[in-house]
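No value in this document is a laboratory result; all are computed from the given coordinates. This is a predicted model, so every value here is computed, not measured. Every residue, glycine among them, receives a Cβ derived from its backbone with ideal geometry; neighbour counts consider all protein chains shown.
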Amino acid sequence: MEIIGDIEKADKFVIYKDDGSIEWVPQLAIAKAYVKNSNNKNWYNKTIYATYENIVKLSDGRLFLQSQAPEEKIKVDNYTVFCTQALSYIENLLFDLVKEYSHSSIEEMISWKSSTIKEKAFEAKLAFTYRDNLYKYYYSFIKENKKLLTSTDEALDLTELYNTFKNNIPKAELSDK
């Protein structure tokens, strides 16, 4: 597996599909897992490119790095690009919480909500609360920035907005395990 680009500054990890379009994820660990998974035909054995470049969506739904998109076909959807990246970040935060408490998934962690095992019931409550706080923040942030995200057909540099989103996202209130 080869990784090209600055993994320290990157906020997207992409692979190139046969048609030149891309697929992307927000974390290197996920990209590595996809590239190693032989069942993932788009990612398997591909080179991973680390980037912070904006992504544009063509009218046919394909994604490209902004610098590589065929200009005559670009349909910029800043709202969808930002929402996809923000939701992926939330999924990764929830995945990190699940790992911290040695569960297999957020659903499994939440399933302990009615348990008589106090530690497991607490963990489920923590997962519910954290998930809800993350999504409340997400919906509020999108509402506050919707005008900006939908104001133009030109690609916006979403880096600053995405960094603001990440820097102000609620933290899990972890307890002593």
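Can you tell me the 0 to 90 degree angle between the C-alpha axis of helix 78-100 and the longest principal axis of the chain, rounded to 10?
30 degrees
Exposed loop GluC sites (Glu not before Pro) only (DSSP loop, at most 16 other Cβ atoms within 10 Å): please give the longest stretch of the chain free of them, not including the sites.
My reading of the result: 9-153 is the longest stretch.
What number, in percent, do you get for the relative contact order of the chain if the mean sequence gap of Cα pairs under 8 Å and at least 6 apart is divided by its residue count?
Taking the mean separation of contacting Cα pairs over the length of the chain, I get 18 percent.
Using 0.36 nm times the number of residues separating LYS171 and GLN68, minus their current alpha carbon distance, what extension gain do you get?
33.5 nm
Test of understanding: ordering THR116, THR84, THR159, THR51 by Cβ neighbours within 10 Å, fewest first, what list do you get?
THR116, THR159, THR84, THR51
Using a Förster distance of 45 angstrom, determine the FRET efficiency expected from the C-beta separation of SER115 and SER88, and round it to 0.05.
Between SER115 and SER88 the formula returns 0.90.
What distance in nm lies between label points placed 7 Å from Cα along the C-beta direction at SER140 and MET1?
The modelled label-to-label distance comes out at 3.6 nm.
What's the extension gain from ALA33 to PHE95 if we count 0.36 nm per residue and subtract their Cα-Cα distance?
Between ALA33 and PHE95, full extension yields 20.9 nm more.
If we count other beta carbons within 10 Å of each Cβ, what is the order of MET1, MET109, fewest first?
The order, fewest Cβ neighbours first, is MET1, MET109.
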